[in-house]
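**Q** One structure coming up, written as structure tokens, with questions to follow.
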């Protein structure tokens, strides 16, 4: 099988897990990779637990199932740790990144004995301070880029700027806030 | 130069529609096909196409509007899923019997009930005898490529039949993946102008469409439809050859993956074929002679070609993402086995119903199928012909 990096996103409806899964795919696409970005569609209610997926590869990706043995897991909402087995199938040589104000050591007991790398980031604080609202998906995107190393920090920040500029041409404040958030986020991941 | 992009299947097909710039698109939204007319309506509103976009009140009306536009000599298109296709039912038969080459994207979704929005093939499989050409697509690239080819196939003067381009709901329609698009002018040139040999607005050759046809003529009309469907294969391959020259991407009636010396093989349709190819590669690395046949053209069914492709296998599993609930097997299985009868007898054939209502199909699931095939080869015995994959069974 071709070597594929697989990322599973856990969030709640409305937090932007789907968008983040596609933004990571888009950023990797722009570095020349083959990608897939897709959510698990279910009852699309605000606040309900949802999963989304990103695959990144040097070769064409043929597999079309969900991701069951991810290299990386991103948890956008800390409260999911109580109700979703977020480390299910997660490879031990991979890593998990959790949006929390706690340290990796404090989070570990909630991770069902996961032996791999545990990283945390306070994406809520970052987004509230930089964007003015709790929209944690872009700082989480920055965190997973940093943790996984699927592309360099420089490549990522440059790509984010370009894609935000094309998406929010009429809302420059959104671009500035998000750029501030991702620039801070790559520096503030704990447990690297 | 091809354009490298990343798009969902729905985006890809709506871009194909934009590049074709048809006369009429009439559609009614239904998940997961909604995005196709949604994106297209923005192209129409922004003046990027000359198309008359008709936001109709039902899928029955969508197909009726396409039929009207096409009968008047226009090029019309639509997209739908599941209940939407079901509501079009009677009009599907009208479109094909009037010989109107409408192009339709069918984004495969399970038919209710129970109500479900996810992928299976019960919608388009139910329409398999409606006289439409049916082409199936594994991923966004094939959905795009097949949509462009569908126009050429259907509008060929020897064919004049409507065509469905079917691809998996959510799995293909909503997943963002890499794709290579053709430039607008290349598409325009490939698809060409629609020159209907007959239409209702042709004052020099006045004609009637849809007249009453009692026992004196109805049978002959149907016989002619059957005949033209049979002859479609040649045109499908010609268009594919031309498309390959343009893009380097090869299409046939079906794809044979590592079939040259295959002893065990599965026959499958759409996105799960990709997942299954990964399993074939894994088995090959373990020395198992595994292969795969992915159906592209289901209507007309490539009877002789399929029988030939499978004739050297020892055991074959036909995978159906729709159940016929007939006590005999799924639609693809019954077609494949009848194709084999008298042409490739002696190959052990089994059927798996899988993935109904969007049940995810994993690599492990496909491994179960190949393991069963290997055990059939070893023992020479088929335990069960009609099987279910990945379902919870009651006591």
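**Q** Name the single residue that is surrounded by the fewest Cβ atoms within 10 Å (Cβ to Cβ) among those in the range B:32-68 being touching a residue at least 40 places away in the same chain (Cβ under 8 Å) and more than 25 Å from residue B:198 (Cα to Cα).
**A** B:35
**Q** Return yes or no: is residue B:117 within 14 Å of chain A (Cβ to nearest Cβ), within 24 Å of residue B:357 (Cβ to Cβ) and outside any strand (DSSP E or B)?
**A** It is true that residue B:117 is within 14 Å of chain A (Cβ to nearest Cβ), within 24 Å of residue B:357 (Cβ to Cβ) and outside any strand (DSSP E or B).
**Q** Here's a follow-up. Can you name the condition, by its number, that residue B:390 falls short on among (1) more than 14 Å from every other protein chain (Cβ to nearest Cβ); (2) more than 23 Å from the chain's Cα centre (by Cα); (3) buried (at least 16 other Cβ atoms within 10 Å of the Cβ)?
**A** The number of the failed condition is (1).
**Q** Here's something else I'd like to know. Pick from the range B:197-221 the residues that are in contact (Cβ under 8 Å) with a residue 24 or more places away in the chain and out of contact with any helix residue (DSSP H, G or I) (no Cβ under 8 Å at 6 or more places or on another chain): which of them is farthest from the other protein chains (Cβ to nearest Cβ)?
**A** Residue satisfying both the conditions and the ranking: B:202.
**Q** On to the next question. What number of residues within the range B:11-31 are touching a strand residue (DSSP E or B) at 6+ places or on another chain (Cβ under 7 Å) and surrounded by 19 or more Cβ atoms within 10 Å (Cβ to Cβ)?
**A** Qualifying residue count for the region: 10.
**Q** Of all the residues that make up the range B:350-387, how many are outside any helix (DSSP H, G or I) and more than 14 Å from chain A (Cβ to nearest Cβ)?
**A** So the count comes out to 12.
**Q** Continuing with the same structure: Which of the residues spanning the range A:38-58 are free of Cβ contacts under 8 Å to residues at least 24 places away in the same chain, part of a loop (DSSP other than H, G, I, E, B) and within 20 Å of residue B:138 (Cα to Cα)?
**A** A:41 - this is the single residue of the range A:38-58 that is free of Cβ contacts under 8 Å to residues at least 24 places away in the same chain, part of a loop (DSSP other than H, G, I, E, B) and within 20 Å of residue B:138 (Cα to Cα).
**Q** If you don't mind, there's one more thing I want to ask. Out of the residues in the range A:21-32 meeting the condition of being more than 9 Å from every other protein chain (Cβ to nearest Cβ) and touching a strand residue (DSSP E or B) at 6+ places or on another chain (Cβ under 6 Å), tell me which one is farthest from residue A:144 (Cα to Cα).
**A** Only one residue tops the list, namely A:28.
**Q** If you don't mind, another one. For residue B:258, which of the numbered conditions (1) out of contact with any helix residue (DSSP H, G or I) (no Cβ under 6 Å at 6 or more places or on another chain); (2) within 14 Å of chain A (Cβ to nearest Cβ) fails to hold?
**A** Of (1) out of contact with any helix residue (DSSP H, G or I) (no Cβ under 6 Å at 6 or more places or on another chain); (2) within 14 Å of chain A (Cβ to nearest Cβ), only one is false for residue B:258: (1).
Every residue, every condition in (1) in contact with a helix residue (DSSP H, G or I) (Cβ under 7 Å, 6 or more places away or on another chain); (2) more than 23 Å from residue B:178 (Cα to Cα); (3) touching a residue at least 24 places away in the same chain (Cβ under 8 Å), yes or no:
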residue: B:90; (1), (2), (3): no, yes, yes
residue: B:103; (1), (2), (3): yes, yes, yes
residue: B:119; (1), (2), (3): yes, no, yes
residue: B:133; (1), (2), (3): yes, yes, yes
residue: B:142; (1), (2), (3): no, no, yes
residue: B:151; (1), (2), (3): yes, yes, yes
residue: B:155; (1), (2), (3): no, yes, yes
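**Q** Which number in (1) more than 11 Å from every other protein chain (Cβ to nearest Cβ); (2) not in a loop (DSSP other than H, G, I, E, B) marks the one condition that residue A:35 misses?
**A** Evaluating residue A:35 over (1) more than 11 Å from every other protein chain (Cβ to nearest Cβ); (2) not in a loop (DSSP other than H, G, I, E, B) leaves (1) as the failure.
**Q** If you don't mind, another one. With the requirement that a residue be within 14 Å of another protein chain (Cβ to nearest Cβ) and under 24 Å from residue B:98 (Cβ atoms), what does the range B:120-167 give you?
**A** Scanning the range B:120-167 gives no hits.
Just so you know, all these numbers are worked out from the coordinates, no wet-lab data involved. Fair warning: this is a prediction, and the values are worked out from it, not measured in the lab. Don't worry about glycine lacking a Cβ; one is built from the backbone with ideal geometry, like all the others, and counts go over all protein chains shown.
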